[in-house]
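Pasting a structure here, questions to come.
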Number of protein chains: 2
Amino acid sequence: MLEERILKDGIVKDGHILKVGSFLNQQIDPCLMEEMAKEWKRLFADAGINKILTIEASGIAMAIMAAREFNCPCLFAKKHKSTNTPDDCYVSVVHSYTHGNDNPIVVAREFLNPGDKVLIIDDFLATGAALIGLIDLCKQAGAEVAGCGIAIEKSFQEGGRIIRDMGIKVESLARIKAMNGQNDIEFE
Amino acid sequence: MLEERILKDGIVKDGHILKVGSFLNQQIDPCLMEEMAKEWKRLFADAGINKILTIEASGIAMAIMAAREFNCPCLFAKKHKSTNTPDDCYVSVVHSYTHGNDNPIVVAREFLNPGDKVLIIDDFLATGAALIGLIDLCKQAGAEVAGCGIAIEKSFQEGGRIIRDMGIKVESLARIKAMNGQNDIEFE
């Protein structure tokens with residue numbers, strides 16, 4: 001369903017940028033979010049998940065739908081403006097390849113705890129930088145990462161391999177092997 | 001339900017700041033979001049709404065649940081970093097009383113159109129600055145604002161009166177008349 005929608009409404013720019021603003025991360029289709037959430041629930045049904053973690057802003061819509069399926073709270077890490085972060089937060093750093101800088105992300109300590117089994121949700125997996133930051137926040141809290149649920153993985157980039165090599169289960173609903181331009185997207 | 005939750009888990013700081021991070025805008029309770037969305041659906045059932053508009057990041061979770069109830073897309077305005085905004089966006093400016101600065105917000109022109117009947121959703125209504133910016137984006141697009149669905153209105157501040165004086169229907173699920181400190185919150 002997601003793959004069909006990418007083929008129908010996705011726009012490829014400059015050969016490697018996929019724009020999905022019309023249904024996934026600017027104008028959001030709630031039915032698609034719900035179907036994606038049901039699929040993650042199926043894929044991680046036996047993982048004992050009690051918390052969903054994502055990062056603002058475009059992961060929130062799919063994460064709250066996942067939280068609804070798992071009947072557990074949804075937590076979102078915030079991008080922090082200054083390097084001066086409050087003591088009551090866990091902090092990690094995400095490198096942005098798009099903007100060429102490092103950005104701190106934070107989550108309040110009180111909401112992420114030892115014993116939590118966390119499903120990390122995000123819209124894209126490419127270099128893996130955001131996921132690595134979210135996994136690091138869980139480690140700091142002593143929480144267990146039960147897996148990662150991704151909407152779109154660009155499997156021609158190295159992020160998916162890096163996370164799977166860490167022994168973490170990654171389930172991407174659409175895996176793009178190659179994008180050769182508009183109307184020429186190959187899935188795995 | 002929301003009022004009970006505010007009394008149970010809300011934290012009042014410095015007499016006028018209400019922290020609801022544990023259920024509304026950092027760690028989010030999906031059941032509460034769904035109940036809120038159902039109530040907005042009831043309140044705006046006959047308004048012909050075909051689009052939900054909110055602003056990143058903390059409005060997104062409740063807005064996507066509302067979009068699910070209304071069976072329509074959810075659109076979110078982005079906070080823009082620079083004053084140099086792209087031509088394909090509508091731009092408005094939101095004054096932040098907390099940080100004492102003006103912040104541009106943008107939405108892509110292609111997603112907001114004449115004939116749209118928009119329900120604006122947000123977590124808080126206090127000064128009304130964010131809502132006024134979102135209403136301005138709709139006006140620029142020639143879209144009609146069918147109403148505003150708010151989680152928590154601080155009715156001791158002027159925002160609610162300003163928006164209602166514009167002839168716009170505002171439905172706030174919890175209206176706080178006064179906050180005199182922890183465990184002393186008065187609802188209307």
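Apply the Debye scattering formula to chain A, with a single equal point scatterer on each alpha-carbon and no solvent, then give log10 I(q)/I(0) at q = 0.09 Å⁻¹.
-0.31
Further question: How large is log10 I(q)/I(0) at q = 0.07, 0.10 Å⁻¹ when the Debye formula is applied to the Cα atoms of the protein assembly as shown, each weighted equally and without solvent?
Relative scattering, expressed as log10 I(q)/I(0), comes to -0.30, -0.63.
Per 5 Å bin, what percent of the C-alpha pairs of the stretch B:129-187 does each bin hold, from zero upward?
4, 17, 25, 23, 13, 9, 5, 3, 1
Can you give me the three principal axis dimensions of the stretch A:32-116 from its C-alpha atoms, in Å, biggest first?
Result for the stretch A:32-116: principal-axis Cα extents of 39, 31, 16 Å.
Turning to a different aspect of this structure: According to the square roots a ≥ b ≥ c of the eigenvalues of the Cα gyration tensor, what is the shape class of the stretch B:14-82, taking rounded for a/c under 1.5, prolate for a/b larger than b/c otherwise, and oblate for the remainder?
The shape class here is oblate.
What whole-number volume per residue, in cubic angstrom, does the convex hull of the C-alpha atoms of the stretch A:55-99 give?
It comes to 97 Å³ per residue, whole-number rounded.
Pairs A:78/B:81; A:51/A:81; B:51/B:78; B:13/B:81: which are spaced more than 21 Å apart, C-alpha to C-alpha?
A:51/A:81; B:13/B:81
Given +1 on the Cβ of Lys and Arg, -1 on the Cβ of Asp and Glu, and no further charges, what dipole in debye does chain A carry about its Cα centre, rounded to the nearest 20?
Magnitude of the dipole: close to 120 debye.
Measuring nothing but label to label, 7 Å from Cα along Cα→Cβ, what are residue A:11's distances to the other copies in nm, shortest first?
Here residue A:11 shows inter-copy label distances of 4.3 nm.
How far is it, in nm, from the label point at residue A:46 to the one at residue A:164 when both lie 7 Å from their Cα along the line to the Cβ?
Distance between the two pseudo-spin positions: 2.0 nm.
Give me the inter-chain shielding for B:57-69: mean count of other chain Cβ atoms within 10 Å, whole number please.
Taking all residues of B:57-69 together, the mean is 6.
Okay, next question. Against the longest alpha carbon principal axis of chain B, how many degrees, from 0 to 90 and to the nearest 10, is the axis of helix B:129-141 turned?
With rounding to tens, the tilt is 20 degrees.
Every number in this text was worked out from the coordinates using simple rules, so none of it is lab data. From a predicted model like this one, the values you see are computed outputs, not experimental measurements. Note that we place each Cβ from the backbone using ideal geometry, even for glycine, and neighbour counts take in every protein chain shown.
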